[in-house]
Amino acid sequence: MNKYQVVTTISYPKPGANGKTGNWRIFKPILDKQKCVKCLRCWIFCPETAIKRNKDDTIDIDYDYCKGCGICAKECTVKAITMEREGKQQ
Amino acid sequence: MAIKDMPTEECMLPGNASCPGCPATMALRIVLKALGKNTVMTVPACCTAVIESLYPNTSFDVPVMNIAFEAAAAGASGIEAALRQLGQKDTTVLAWAGDGGTYDIGLQALSGALERGTNFIYICYNNQIYSNTGIQRSGATPYAAWTTTTVGGKTEFRKEMGDIIRAHHIPYSAQTCISYPEDLYAKVKKAKDIHGPKYIEILAPCPPGWRFSMDKTVEMGRLAVETGAWTMYECENDIMTFNGKSKLILDKKIEKKPLEEWIKLQGRFSHLFKPKRDEEKLKLMQQHIDQIWERYRKCP
Amino acid sequence: MTMMIDTGNYIAAKAAIMARPAVVAAYPITPQTTVVEGIAKYVDTGEYKGEYICVESEHSAMSACIGASAAGVRTFTATSSHGLLLMHEMLHWAALARMPIVMCNINRVVGPGWNIWADQNDSISQRDTGWIQIYCSSNQEIFDTVIQSFKIAEHEKIILPVMINYDAFVLSHTSMPADIPTQKEIDDFLPAYKPHWKLDVNNPITFGNIIAPMSYYKVRKAMQDAQEHAKTIIPKITKEWEQTFKRNHGGLFEEYKTEDAEFILISSGALGAESKAAIDELQKKGLKVGLARLRVFRPFPTEEIIRLSKKAHLIVIDRNISIGNEGAMFNEIKAALYQKSDAKVIGYIAGLGGTDVTYKDIEKMCEKAVRGKTKTNEWYGLRED
């Protein structure tokens with residue numbers, strides 16, 4: 001990446017520009033891969049780009065950044081994602 | 001386009017400064033999937049300026065020019081002119097502004113850019129308030145909604161931005177909502193391939209601003225469309241086409257749900273229900289929506 | 001080289017297009033209008049091949065220039081008075097973004113009431129925006145300064161916008177001859193634009209996002225450093241111009257007959273040109289008064305002021321007023337000398353609202369100053385009628 005020399009507000013792209021936002025979370029989305037029908041609704045609705053879409057259209061949740069809004073669980077038509085309180089024994 | 005056919009490429013990076021459940025980042029992801037990396041954005045003061053996060057980092061993987069509150073469209077005119085001179089004719093110029101920066105303080109610059117034919121896409125993500133400054137009324141705030149500057153509820157109806165835009169007779173304008181990603185994606189994609197000024201407005205239900213729980217962003221948008229509080233349409237060369245549920249409502253294939261089903265879920269309208277129901281205002285609000293639909297039915 | 005006899009505005013328009021900006025965005029305002037018209041004419045004849053954006057306000061003019069500059073091209077605009085004031089927010093924006101935009105500002109009275117004549121309160125009130133400010137005194141100087149300003153603005157140690165100021169009507173609408181170099185000569189002096197940063201789809205950056213206090217503090221310091229650099233770079237660039245075109249209107253100052261001066265008059269703009277005739281008259285009378293016409297107000301030429309004060313006492317005429325205090329140049333000149341010089345500084349306010357200031361008036365002011373008769377904060381020529 002080329003960095004410009006001039007001193008002004010020039011910022012460069014970086015995942016976690018605002019830190020590991022996963023630590024904002026109170027409720028954590030838990031995915032049941034058995035139930036997932038690969039509809040990708042959770043992926044497209046995730047406001048945080050925290051749901052990773054795999055080549056086979058299965059998904060993984062990026063807990064480093066997931067803020068725990070719960071939209072994925074709410075919009076999942078087959079209830080493959082459930083929200084659990086952080087720190088609860090799994 | 002089906003969700004699974006949308007590109008995996010992400011221009012919005014995770015770990016940004018948006019609130020959990022933010023409709024703006026949700027919309028941005030889809031918009032930038034449709035536009036791709038060959039896009040230059042200009043962003044006025046709005047939540048997105050915060051979402052970009054703190055210097056020297058940014059959560060945007062496309063070039064972004066932050067500009068003053070009222071200046072997004074004018075800045076876009078400059079960018080577009082420069083890119084044309086540089087021979088970058090295939091780069092999309094996107095002005096991305098909130099409803100405050102569009103309906104109110106940025107209206108003059110927007111009207112100017114539309115009138116002079118700037119080849120760009122202007123997207124207003126409309127959360128019906130000044131959310132970045134902490135929930136104040138805007139020209140897009142609905143009647144009776146609580147905001148920090150309309151403590152007893154707004155006493156005026158929102159302005160019809162779509163009417164103002166259509167009075168410019170630009171090649172393409174549209175309304176959509178974050179709850180319908182296929183519709184949003186298709187409209188942005190279509191706009192990308194049309195030359196001239198394009199305007200798209202996205203209803204963006206804001207959990208802290210509207211006072212609902214952060215997992216209900218999508219649901220709140222869906223209900224806005226199903227109750228007719230928001231309309232999804234596109235207007236190409238002055239011809240209106242309604243889309244999705246809005247088309248079914250327009251054609252009277254389905255009844256729109258009572259407005260109350262949408263507003264009762266939002267804390268900003270809670271004073272209409274307790275301590276006692278304000279029948280008069282509820283009736284007035286329903287009538288207002290009904291009148292808008294009557295007007296739509298007369299559109300060419 | 002060809003001779004053009006035309007008004008300051010048409011000559012500014014000619015200079016602007018010869019600098020080959022890719023984008024011009026402007027909005028008309030009296031007395032700047034003929035700059036806009038001049039450029040429109042060159043668009044029509046095909047002499048100007050860049051983009052000409054007719055925006056709906058000066059705020060948008062500056063915003064469009066900022067957008068274009070950020071996208072990586074050379075930009076130009078022109079305005080005056082209320083137009084400049086409407087731009088105020090974006091003037092700060094352009095300077096903080098380190099955009100080498102060049103703008104002509106035709107110094108005009110600020111209303112109300114409506115008055116389109118010359119005074120400098122419009123540009124003086126923008127002195128803290130980070131823009132370099134140059135004041136011209138002839139149409140030839142306007143032409144030369146417009147070209148030089150792009151080179152100043154784009155210099156790697158400066159990278160700041162430049163505002164070229166000249167008087168309403170006295171210069172903007174008065175025809176004078178000016179030598180116009182060939183396009184080749186201009187191109188040799190001012191090479192094609194290379195941006196120092198830009199909105200690049202292959203190297204995405206975000207400009208202007210949220211910045212923490214210490215980082216912002218550094219941005220401010222960098223701007224200050226750039227202005228400091230400009231103090232030496234501006235005279236170098238005018239010298240370079242002189243080598244090719246055999247003309248130099250001065251670096252930060254134009255000095256006139258200051259060799260044996262006991263008093264040096266500091267004035268600016270058209271009034272500065274008028275001052276030369278006054279100096280001739282004064283010296284004929286045996287009064288040792290010279291002239292230092294201030295060209296560059298930002299960066300403020302502190303060291304030069306000190307140098308002048310070692311030679312002579314200073315008389316300052318301000319065609320502006322910082323209401324509640326005094327003339328801006330008088331004020332800043334005194335501050336520059338604090339604990340550095342024992343020279344007397346005598347200040348006049350003159351010509352506000354476009355009132356005429358002839359060389360006879362300037363002569364009278366200087367004579368009175370030399371004789372020690374000037375009142376504190378004297379408003380010259382203010383009549384009771």
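The values are calculated or read from the model by the stated rules, or taken from the named source; none is laboratory data. For clarity, every value in this text was computed on a predicted model and none was experimentally measured. Don't worry about glycine lacking a Cβ; one is built from the backbone with ideal geometry, like all the others, and counts go over all protein chains shown. Only protein heavy atoms, including side chains, enter the accessible area calculation; ligands, DNA and RNA are left aside. Shrake-Rupley method; radii C 1.70, N 1.55, O 1.52, S 1.80 Å.
Just a few scattered comments:
- Hits in segment C:337-384 (condition: at positive phi and not in a loop (DSSP other than H, G, I, E, B)): C:G353, C:G354
- When segment C:170-200 is filtered for residues that are open to solvent by less than 30 Å² (accessible area, probe 1.4 Å) and among the β-branched types (V, I, T), the ones remaining, listed by number, are C:I180, C:I186.
- Among the residues of segment A:23-48, none is identified as open to solvent by less than 10 Å² (accessible area, probe 1.4 Å), more than 12 Å from the chain's Cα centre (by Cα) and either more than 7 Å from every other protein chain (Cβ to nearest Cβ) or of a type in the set (D, E) (or both).
- Residue count for segment C:337-363 under the criterion of being of a type in the set (D, E, K, R) and either in the same structural domain as C:W114 (by TED's automatic domain parsing) or buried (at least 16 other Cβ atoms within 10 Å of the Cβ) (or both): the result is 2.
- Residue that is farthest from B:W210 (Cα to Cα), among those in segment B:112-124 that are within 12 Å of another protein chain (Cβ to nearest Cβ) and open to solvent by less than 30 Å² (accessible area, probe 1.4 Å): B:T118
- Positions within segment C:79-103 being open to solvent by less than 10 Å² (accessible area, probe 1.4 Å), under 17 Å from C:S123 (Cβ atoms) and facing chain B (nearest Cβ under 9 Å), in sequence order: C:M90
- In the set (1) away from chain B (no Cβ under 14 Å); (2) open to solvent by less than 10 Å² (accessible area, probe 1.4 Å), the condition left unmet by C:F76 is number (1).
- Looking only at segment C:6-28, residues that are in contact with a strand residue (DSSP E or B) (Cβ under 6 Å, 6 or more places away or on another chain) and surrounded by 22 or more Cβ atoms within 10 Å (Cβ to Cβ) come to 9 in all.
- Of the candidates B:I202, B:I249, B:I254, B:I239, the single residue that is touching a helix residue (DSSP H, G or I) at 6+ places or on another chain (Cβ under 6 Å) and either among the polar types (S, T, N, Q) or away from chain A (no Cβ under 14 Å) (or both) is B:I254.
- Checked against the criterion of being more than 7 Å from chain B (Cβ to nearest Cβ), at pLDDT 95 or above and within 22 Å of B:K216 (Cβ to Cβ), segment A:7-22 contains one or more residues that satisfy it.
- Helices (runs of 4 or more DSSP H) wholly inside segment B:183-291 containing at least 3 residues that are of a type in the set (D, E, K, R) and modelled with pLDDT of 95 or more: B:217-226
- The set of residues in segment B:60-90 being facing chain C (nearest Cβ under 7 Å), out of contact with any Gly (no Cβ under 9 Å at 6 or more places or on another chain) and surrounded by fewer than 24 Cβ atoms within 10 Å (Cβ to Cβ) consists of B:D61, B:R84.
- Some residue of segment C:108-130 being open to solvent by less than 10 Å² (accessible area, probe 1.4 Å) and either touching a Pro at 6+ places or on another chain (Cβ under 8 Å) or assigned to a strand (DSSP E or B) (or both): no
- Scope segment B:91-111; condition open to solvent by less than 10 Å² (accessible area, probe 1.4 Å) and either within 20 Å of C:A61 (Cα to Cα) or at the interface with chain C (Cβ under 7 Å from one of its Cβ atoms) (or both); matching residues: B:V93, B:L94, B:A95, B:W96, B:A97, B:G101, B:T102, B:G106, B:A109, B:L110
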